[in-house]
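One structure below.
Here, each number is a calculation from the coordinates, and none is a lab measurement. Values in this document were obtained by computation on a predicted structure and should not be read as measured data. Here the Cβ positions follow ideal geometry from the backbone for every residue, glycine too, while neighbour counts run over all protein chains shown.
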Amino acid sequence: MGRILGWGLRCAGVLVTMVCLVAAGRFLFSQPGIGEIPGATERQLAFLRSALDDGSDSAAQQLFPEGHLFSNVLYGLSWVQAAHADPDLRDEAVRESRWALTRMESEEGRAVFDPQLQPAYGIFWAGWTNWLRGAILTLDRSDSVAVQRFSAQTEEIAQTFAASETPFLQAYRGQAWPVDSTVANASLRLHDKLFGARYSAVIERWVNQAEARLDPSTGLLPHQASASDGSLVEGSRATSQTMIHRFLPEIDPAFAQAQYALYRDRFVAYPGSFGPALREYPKGVEGSGDVDSGPLIAGVSLSATVVAQGAARVNGDDTLARAL
């Protein structure tokens, strides 16, 4: 009887292992091309919508200050990107992304941001909401109110940049992160793409100002900057760099190409011959994890490693995107 039980457990172990391998294979292969989406995208988005309905964005807000906004904006933008890859998803994508934008603009979505900042509620909230609104318009421009709102918010952001002595606007009072201003400038460029060139001079000025304030140790945009003059507060880190390189090619392709090469050289690593993965701090620099990076394993940020797939795809780096 003991022998039978032993063989039964072995067979069960083999069966479970085979099921896990098949499941992993279905998840990982075949890898989509740069312009394609994984086959599981719709199922993942359906799961995320269910989680949001159950309050996952409010729960995320308890973990870090932008939890509510990120939960909704990434959901909405994922639907937009899915619809661009598969036009049959367009109607559902427009509906779901508008729903996500409404949650971002709700009282709860704005609660942690300061309405007295310029632009209103700070550049983090303004940039991401404007980017999502413009992204929705790439699918459907029939809503004249949405078009007017996008133009008005874009103008407010542009005027704030034009009047600022620093390229890195405040997300919270007295605090500025260059990645937030990068997203906001990408929304200006998106407006120009949809409705004709209007903000090229503002964007060019921003790029020139940003180039004058690079982290001298890496040649990259810093992680955090002074809210008063844009000077360095904290050097480049992967959690912000991966997001920057998702948007920078849309702002200035030449600047983006040079920055991406430095980013790839300083942050892509193979710890213990495994990888590729993204170090949170540049090679040669050690630091501790935080709410953005998560716990670091051999210096690697798992969150930055995931987001780096998007940066690699947008920069045409199919080799890194597939490897990640």
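Debye-formula intensities of the chain, expressed as log10 I(q)/I(0) at q = 0.10, 0.13 Å⁻¹, are -0.61, -1.01 (one equal scatterer per alpha-carbon, no solvent). Within the shell of other residues whose beta carbon sits under 12 angstrom from the beta carbon of Tyr172, the net charge comes to -2, with Lys and Arg scored +1 and Asp and Glu -1. Label sites at Arg322 and Asp265, each approximated as a point 7 angstrom past Cα along Cα to Cβ, lie 2.5 nm apart. Here the extension length gained between Asp53 and Arg26 equals 6.9 nm, from 0.36 nm per residue of separation less the Cα-Cα distance.
Report the residues of segment 185-215 in range of a label on Ala162: point 7 Å along Cα→C-beta, backbone N strictly under 11 Å from it. Label zone hits: 198-203. Computed as a quarter of the hull surface, the mean projected area of the alpha carbon convex hull for segment 131-196 stands at 4.7 nm². In segment 114-236, the C-alpha radius of gyration followed by the widest Cα-Cα span (Dmax) gives 14.4, 48 angstrom. Placing dummy labels 7 Å off each Cα toward the beta-carbon, the span from Leu302 to Gln175 is 2.4 nm. Estimated at 0.36 nm per residue, the fully extended path between Ser231 and Arg43 surpasses their Cα-Cα distance by 63.3 nm. Counting 0.36 nm for each residue step from Glu286 to Glu211 and taking away their Cα separation leaves a gain of 24.5 nm.
Positive-end ranking of Gln81, Pro119, His191 along the dipole of the chain, with charges on Cβ about the Cα centre, is headed by Gln81.
Which angle from 0 to 90°, rounded to the nearest 10, does the C-alpha axis of helix 238-251 make with the longest principal axis of the chain? Tilt relative to the chain: about 60 degrees. Its DSSP H runs of at least 4 residues, each contributing -39,500 (n - 2.57), put the calculated 222 nm mean residue ellipticity of the chain at -20000 deg cm²/dmol, to the nearest 500.
Taking the Cα centre of the chain as reference, the dipole from Cβ charges on Lys and Arg (+1) and Asp and Glu (-1) amounts to some 880 debye. With respect to the chain, whose longest principal axis is taken over its alpha-carbon atoms, helix 90-104 is tilted by about 70°. Both radii come from the Cα set of segment 38-112: Rg as radius of gyration, Rh as Kirkwood radius; their ratio Rg/Rh reads 0.99. Charges were assigned to the Cβ only: +1 to each Lys and Arg, -1 to each Asp and Glu. The resulting dipole of segment 1-100 about its Cα centre is roughly 640 debye. Taking Cα atoms only, the orientation of helix 41-53 departs from the longest principal axis of the chain by about 70 degrees. The region of the chain that goes longest without hitting one of the trypsin sites (Lys or Arg not before Pro) in a DSSP loop, each with at most 13 other Cβ atoms within 10 Å, is 1-140.
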